[in-house]
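What follows is one structure encoded as structure tokens, with my remarks underneath.
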Amino acid sequence: MSRNRFGDKVIIVTGGGSGLGEDYCKAFCAEGGRVVCADIDAATAARTTQALNKAGGTALAVTCDVTKAHDVERMVEEALHAYGRLDVLVNNAGVIRRRSLVGTTEEDWDREIDTDLKGPYLCARAAVPHMKERGYGKIVNISSVAGIVGCISTAYAASKAGINGLTRQWALELAPHGIRVNSVAPGYTATPINEKLRQTPAAKRIGETIPLGWGKPADMTAAVLFLSANESDYITGQTLAVDGGL
């Protein structure tokens with residue numbers, strides 16, 4: 001373990017079992033945080049948590065479908081039972097279906113909106129009462145550049161634009177209780193899972209439109225940790241685009 005920036009903090013990361021969520025969990029643990037790795041995939045959450053604990057971190061795996069209120073409430077209860085407090089909620093769990101307007105089915109729409117917009121609402125609703133009790137908390141919503149400029153797909157762009165709106169509303173509503181709410185809007189990020197995709201002509205064209213090129217997972221993680229840490233205590237209601245200038 002390295003720095004101790006989160007040594008007194010308990011952090012829930014939804015969708016923490018894989019992808020960028022896993023990176024967030026690793027980074028929080030590396031800086032002393034006690035992490036609740038929540039994921040709809042129990043095996044993925046368990047694998048990630050075992051690796052974090054083996055490396056000297058403190059992590060708890062919780063199986064959670066963020067579209068189900070009872071799952072979300074249980075997630076928060078398990079965090080409180082294990083660690084006695086809750087300081088940071090990172091609303092990272094999400095799905096993406098690349099569809100055109102005409103190609104978007106009702107099932108596509110409902111699945112994305114339920115996971116990407118309703119999910120953060122349910123998680124915040126469950127977490128905020130406990131943050132209010134202590135007069136402090138941080139909520140970091142994972143949005144997307146799609147919610148700012150419009151790209152990827154109909155339902156995804158709508159859900160992420162909605163997240164940006166919720167961020168502003170919650171920041172205003174929760175400021176009197178010492179709770180800060182911000183969003184990180186990742187741009188196109190180079191990850192192992194999209195390595196082949198990045199070699200396609202369309203992806204290369206996208207890369208050429210980004211002033212700083214494709215981002216790295218570490219770029220997104222740094223922004224999430226900053227908005228979760230004490231040094232950002234005077235920042236709320238913001239959507240930070242981490243998109244290389246796109």
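The values are calculated or read from the model by the stated rules, or taken from the named source; none is laboratory data. Note that the structure is predicted; figures quoted are calculated from it, not measured. In this analysis, Cβ positions are derived from the backbone assuming ideal geometry, glycine residues included, and neighbour counts consider all displayed protein chains. We work out accessible area using only protein heavy atoms, side chains counted, and drop any ligands, DNA or RNA first. Shrake-Rupley method; radii C 1.70, N 1.55, O 1.52, S 1.80 Å.
Tabulated values for the structure
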read-out: Segments classed as helices (runs of 4 or more DSSP H), wholly inside segment 1-117, with at least 3 members that are farther than 25 Å from residue 216 by Cα; value: 42-54, 69-83, 106-113
read-out: Residue among 23, 65 that alone is in contact with a Pro (Cβ under 8 Å, 6 or more places away or on another chain), open to solvent by 10 Å² or more (accessible area, probe 1.4 Å) and on the phi < 0 side of the Ramachandran plot; value: 23
read-out: Where a residue in segment 32-54 is closer than 24 Å to residue 7 by Cβ and its partner, wherever it lies, is surrounded by fewer than 17 Cβ atoms within 10 Å (Cβ to Cβ), with Cβ under 6 Å and at least six apart; value: 32/4; 32/7
read-out: Exclusive hit being among the aliphatic types (A, V, I, L, M), under 19 Å from the mean Cα position of the chain (by Cα) and open to solvent by less than 20 Å² (accessible area, probe 1.4 Å), set 42, 79; value: 79
read-out: Pick from segment 155-175, criterion buried (at least 20 other Cβ atoms within 10 Å of the Cβ) and touching an Asp or Glu at 6+ places or on another chain (Cβ under 9 Å), ranking: modelled with the highest pLDDT; value: 163
read-out: Which listed residue is at pLDDT below 95 and not aliphatic (A, V, I, L, M), from 85, 34, 99; value: 99
read-out: Segment 181-230, subset closer than 26 Å to residue 32 by Cβ and charged (D, E, K, R), residue nearest to the chain's Cα centre (by Cα); value: 219
read-out: Where residue 133 falls short, out of the listed (1) modelled with pLDDT of 90 or more; (2) under 25 Å from residue 203 (Cβ atoms); value: (2)
read-out: Hits in segment 88-124 - residues which are surrounded by fewer than 23 Cβ atoms within 10 Å (Cβ to Cβ), in contact (Cβ under 8 Å) with a residue 12 or more places away in the chain and not hydrophobic (A, V, I, L, M, F, W, C); value: 97, 98, 99, 100, 104, 108, 111, 114, 115, 118, 121
